[in-house]
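**Student:** If you scroll down you'll find the structure; I have some questions about it.
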Amino acid sequence: NLAGAKLIDAKLIGADLRHANLARANLTGANLTGANLTGADLGHANLAGANLAGADLNGANLRSANLTGADLAMANLTGADLAMADLRSANLTDANLFGANLSAPHIFLYMVDGANLSGATMPDGTIH
(Lines give C-alpha, C1' and ligand atoms only; values in the text may rest on other atoms or scores of the structure.)
Protein backbone atom coordinates (compact mmCIF):
# COMPACT_ATOMS: atom_id res chain seq x y z
CA ASN A 1 0.00 0.00 0.00
CA LEU A 2 1.67 3.18 -1.25
CA ALA A 3 -1.31 5.48 -0.74
CA GLY A 4 -0.07 8.99 0.02
CA ALA A 5 3.58 8.01 -0.53
CA LYS A 6 6.13 10.68 -1.43
CA LEU A 7 7.91 9.35 -4.51
CA ILE A 8 9.14 12.64 -5.99
CA ASP A 9 11.63 12.06 -8.85
CA ALA A 10 11.54 8.30 -8.15
CA LYS A 11 13.15 6.01 -10.74
CA LEU A 12 10.55 3.32 -11.34
CA ILE A 13 11.45 2.38 -14.92
CA GLY A 14 9.70 -0.86 -15.90
CA ALA A 15 8.37 -1.37 -12.36
CA ASP A 16 5.60 -3.92 -11.77
CA LEU A 17 2.95 -1.88 -9.95
CA ARG A 18 -0.10 -3.86 -11.06
CA HIS A 19 -3.10 -3.09 -8.85
CA ALA A 20 -0.95 -0.93 -6.55
CA ASN A 21 -2.67 1.58 -4.30
CA LEU A 22 -0.98 4.88 -5.15
CA ALA A 23 -3.98 7.06 -4.37
CA ARG A 24 -2.93 10.59 -3.38
CA ALA A 25 0.75 9.65 -3.88
CA ASN A 26 3.19 12.38 -4.91
CA LEU A 27 4.98 11.13 -8.02
CA THR A 28 6.03 14.55 -9.29
CA GLY A 29 8.80 14.11 -11.87
CA ALA A 30 8.91 10.34 -11.38
CA ASN A 31 10.25 8.15 -14.20
CA LEU A 32 7.72 5.37 -14.79
CA THR A 33 8.76 4.63 -18.37
CA GLY A 34 7.42 1.23 -19.38
CA ALA A 35 5.99 0.56 -15.90
CA ASN A 36 3.08 -1.85 -15.50
CA LEU A 37 0.33 0.04 -13.68
CA THR A 38 -2.54 -2.16 -14.85
CA GLY A 39 -5.52 -1.65 -12.52
CA ALA A 40 -3.53 0.67 -10.24
CA ASP A 41 -5.31 3.27 -8.11
CA LEU A 42 -3.75 6.65 -8.87
CA GLY A 43 -6.80 8.67 -7.92
CA HIS A 44 -5.88 12.22 -6.80
CA ALA A 45 -2.18 11.36 -7.31
CA ASN A 46 0.27 14.09 -8.31
CA LEU A 47 2.03 12.97 -11.49
CA ALA A 48 3.03 16.45 -12.69
CA GLY A 49 6.00 16.18 -15.04
CA ALA A 50 6.15 12.40 -14.66
CA ASN A 51 7.44 10.23 -17.50
CA LEU A 52 4.90 7.49 -18.22
CA ALA A 53 5.95 6.89 -21.82
CA GLY A 54 5.07 3.35 -22.85
CA ALA A 55 3.54 2.58 -19.45
CA ASP A 56 0.62 0.15 -19.17
CA LEU A 57 -2.24 1.90 -17.37
CA ASN A 58 -4.95 -0.47 -18.58
CA GLY A 59 -7.98 -0.02 -16.32
CA ALA A 60 -6.12 2.33 -13.97
CA ASN A 61 -7.94 4.85 -11.80
CA LEU A 62 -6.53 8.30 -12.57
CA ARG A 63 -9.63 10.18 -11.45
CA SER A 64 -8.74 13.74 -10.39
CA ALA A 65 -5.02 13.02 -10.88
CA ASN A 66 -2.63 15.86 -11.69
CA LEU A 67 -0.95 14.89 -14.97
CA THR A 68 0.17 18.41 -15.89
CA GLY A 69 3.12 18.15 -18.26
CA ALA A 70 3.28 14.36 -17.94
CA ASP A 71 4.65 12.31 -20.84
CA LEU A 72 2.12 9.61 -21.72
CA ALA A 73 3.40 9.00 -25.26
CA MET A 74 2.63 5.44 -26.40
CA ALA A 75 1.04 4.66 -23.00
CA ASN A 76 -1.78 2.10 -22.83
CA LEU A 77 -4.72 3.84 -21.15
CA THR A 78 -7.35 1.36 -22.34
CA GLY A 79 -10.37 1.64 -20.05
CA ALA A 80 -8.58 4.05 -17.70
CA ASP A 81 -10.65 6.49 -15.65
CA LEU A 82 -9.28 9.98 -16.28
CA ALA A 83 -12.42 11.84 -15.22
CA MET A 84 -11.55 15.26 -13.82
CA ALA A 85 -7.82 14.62 -14.36
CA ASP A 86 -5.68 17.65 -15.19
CA LEU A 87 -3.95 16.90 -18.48
CA ARG A 88 -2.70 20.39 -19.31
CA SER A 89 0.43 20.16 -21.47
CA ALA A 90 0.42 16.35 -21.16
CA ASN A 91 1.88 14.45 -24.12
CA LEU A 92 -0.56 11.76 -25.31
CA THR A 93 1.07 11.17 -28.69
CA ASP A 94 0.28 7.64 -29.93
CA ALA A 95 -1.35 6.74 -26.59
CA ASN A 96 -4.14 4.15 -26.57
CA LEU A 97 -7.20 5.69 -24.89
CA PHE A 98 -9.67 3.07 -26.15
CA GLY A 99 -12.70 3.09 -23.84
CA ALA A 100 -11.07 5.57 -21.44
CA ASN A 101 -13.21 7.96 -19.40
CA LEU A 102 -12.12 11.52 -20.21
CA SER A 103 -15.30 13.13 -18.92
CA ALA A 104 -15.08 16.37 -17.02
CA PRO A 105 -16.14 19.87 -17.91
CA HIS A 106 -12.64 21.27 -17.37
CA ILE A 107 -10.40 18.55 -18.78
CA PHE A 108 -7.62 19.71 -21.09
CA LEU A 109 -6.23 17.47 -23.81
CA TYR A 110 -3.02 18.36 -25.61
CA MET A 111 -0.70 16.61 -28.03
CA VAL A 112 -3.00 13.74 -28.96
CA ASP A 113 -1.54 13.16 -32.43
CA GLY A 114 -2.05 9.54 -33.33
CA ALA A 115 -3.83 8.72 -30.06
CA ASN A 116 -6.51 6.02 -30.26
CA LEU A 117 -9.64 7.61 -28.79
CA SER A 118 -12.06 4.90 -30.01
CA GLY A 119 -14.84 4.35 -27.52
CA ALA A 120 -13.48 7.02 -25.18
CA THR A 121 -15.93 9.16 -23.22
CA MET A 122 -15.03 12.72 -24.15
CA PRO A 123 -15.24 15.86 -21.95
CA ASP A 124 -18.68 16.72 -23.36
CA GLY A 125 -19.96 13.24 -22.47
CA THR A 126 -20.05 11.92 -26.01
CA ILE A 127 -18.47 8.61 -26.99
CA HIS A 128 -15.74 9.08 -29.62
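The values are calculated or read from the model by the stated rules, or taken from the named source; none is laboratory data. Just so you know, these numbers come straight off a predicted model, no measurement behind them. Keep in mind that these areas ignore ligands, DNA and RNA; they rest on the heavy atoms of the full protein, side chains included. Shrake-Rupley method; radii C 1.70, N 1.55, O 1.52, S 1.80 Å.
**Student:** Assuming 0.36 nm per residue, please report the length gained on full extension of the stretch ASP16 to ARG88 beyond their Cα-Cα distance.
**Tutor:** Full extension from ASP16 to ARG88 adds 23.2 nm.
**Student:** Working with all protein chains in place, sort LYS6, LYS11 by solvent-accessible area computed with a 1.4 Å probe, largest first.
**Tutor:** Ranked from most to least accessible, the order is LYS6, LYS11.
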